[in-house]
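Presented below is the structure to which this report refers.
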Amino acid sequence: MQYSIGIDLGGTDIKAGLLTADGKLSCRIVVSTRVNEGAKAIAARIAQTIQQVIKTAESDRSDDIRQKIIGIGLGAPGLIIAGSGIIHFSPNFPGWTDIPLLNYISAELDGLSIPLYIDNDVNVMVLGELHHGAGIGYENVVALTLGTGVGGGVVINRKVYHGSWNTAGELGHTVVQPNGRQCGCGNHGCLEAYAGARHIVERTQQQITEGQKTCLKPQGLTPKRIAQAASAGDALAQEIFSETGRYIGVALTSIAHILNPQIAIIGGGIAAAGEALLFQHIRSEFAKRAMDIPRKMEIVPAKLGNNAGLVGAAMLPYTDQ
Ligand SMILES: [Zn+2]
């Protein structure tokens, strides 16, 4: 049996786990990232976590697992120069510029010589879904993650497409409204400015302020509360999700026309709103707009949930970057 280790490096937590070649995740460990301590301290903590995963795995299985680990993969938010192991920029790690994170981690690994890999967290999520989730059996896949921001990833011929300067797949910044809401990237009318969590909340607050009838209060709003109100029949909350779905359908139309993928996988917290509140609106908008052949693209929810980052990161050693 072969193994790999996946690390999901986030602004709050470092998650790690051991993956078997057939996609079973075990020995899951979560520790705090503590961003303020800086890159080298975080690299040291990642190295300790790796050692701990191996120790737990060996005591669980009484097997010399470290000999059978083919590699360690890391997923991290931001612009990652995958081939060089560098984090060029990350919104979750303020002040980090061109951090050679993999070198820092290897230096802390105490003679453990296992190859390390890194990629952007959404690219890694797509890899996870491709090999062990909703994308099994497909070659050309796009994915959107609907969270605080809207992430994207593109797989062509079963490989993540990185583009010329490692920035491919920013699907959340597909413009869906030329003079629309301002996005965090500075541009106007990006998908993220409609389907990102903060923007969903702001759009709802705006409607409430304009006097739309609803059971929702403008304070303390979250996408989850809006989704609950929508499920309970609140018309404004339902319209917010339906409009969000329509914008995603508009973005997917351009994406399908450019890339002609077989499947679009949609994950992240907002996607939990599900079929009735969100997915049916995405599909019907897409069906209305797309040309008949690219319209064959399936639109499905992600399957791996919170484990997508870990499973996908652990797949990096298996992919030829
Ligand atoms: Zn944008």
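The values are calculated or read from the model by the stated rules, or taken from the named source; none is laboratory data. Just so we're clear, the structure is a prediction, and the values are computed from it rather than from any experiment. Note that we place each Cβ from the backbone using ideal geometry, even for glycine, and neighbour counts take in every protein chain shown. These area figures cover heavy atoms from the full protein model, side chains too; ligands, DNA and RNA do not enter into them. Shrake-Rupley method; radii C 1.70, N 1.55, O 1.52, S 1.80 Å.
For the range 136-302, the share of accessible area belonging to carbon and sulfur comes to 51 percent (1.4 Å probe, ligands and nucleic acids excluded). Between ALA41 and LYS303, full extension at 0.36 nm per residue minus the direct alpha carbon distance yields a gain of 91.0 nm.
When the trypsin sites (Lys or Arg not before Pro) in the range 1-80 are filtered for DSSP coil states and for at most 15 other beta-carbon atoms within 10 Å of their beta-carbon, the remaining sites are LYS24, ARG34. The trypsin sites (Lys or Arg not before Pro) of the range 204-248 that DSSP puts in a loop, and whose beta carbon has at most 14 other beta carbons within 10 Å, are LYS213. Computed over neighbours whose Cβ is under 14 Å from that of ALA290, the net charge equals +3, Lys and Arg +1, Asp and Glu -1.
If you take all other residues with their beta carbon under 13 Å from the beta carbon of ALA264, and give Lys and Arg +1 and Asp and Glu -1, the sum is 0. Counting only heavy atoms of the protein chains, get the accessible area per residue of the range 178-233 (1.4 Å probe) and round it to a whole Å² value. Per-residue accessible area for the range 178-233 comes out at 56 Å². Amide H contacts for GLY267 (H built 1.01 Å from N in the peptide plane; partners 5 or more residues away or on another chain; cut-off under 5 Å): LEU144, THR145, LEU146, ALA302. Can you compute log10 of I(q)/I(0) for the range 1-87 with the Debye formula, treating each Cα as one identical point scatterer, at q = 0.11, 0.12, 0.21 Å⁻¹? Computed log10 I(q)/I(0) values: -0.31, -0.37, -1.02. Of interest is the spacing of the C-alpha centroids, which for the range 47-109 and the range 143-194 amounts to 26 Å.
Net charge dipole, the range 184-229: roughly 220 debye, given to the nearest 20, about the Cα centre with Cβ charges of +1 for Lys and Arg and -1 for Asp and Glu. Any chance you could give the angle, 0 to 90 degrees and rounded to 10, that helix 121-132 forms with the longest Cα principal axis of the chain? Once rounded, one gets 80 degrees. Rounded to the nearest 10 degrees, the inclination of helix 39-61 to the longest alpha-carbon principal axis of the chain is 70 degrees. Remark: the range 3-127 carries 42 Å² of accessible area per residue (probe radius 1.4 Å; ligands, DNA and RNA excluded). Computed over protein heavy atoms with a 1.4 Å probe, the carbon and sulfur contribution to the accessible area of the range 3-127 reaches 47%. Using a cutoff of 8 angstrom between alpha carbon atoms and counting only pairs six or more residues apart, the relative contact order for the chain works out to 20 percent.
Across the options GLY11, GLY85, SER32, the greatest Cα extent toward the positive end of the charge dipole of the range 11-125 (unit charges at beta carbon of Lys, Arg, Asp, Glu) belongs to SER32. For the chain, the longest principal axis of the alpha carbon atoms and the long axis of helix 197-209 meet at an angle near 20°.
Within the same chain, aspartates and glutamates fewer than 8 places from LYS296 are excluded, and of the rest, those with a Cα less than 14 Å from its Cα are GLU285.
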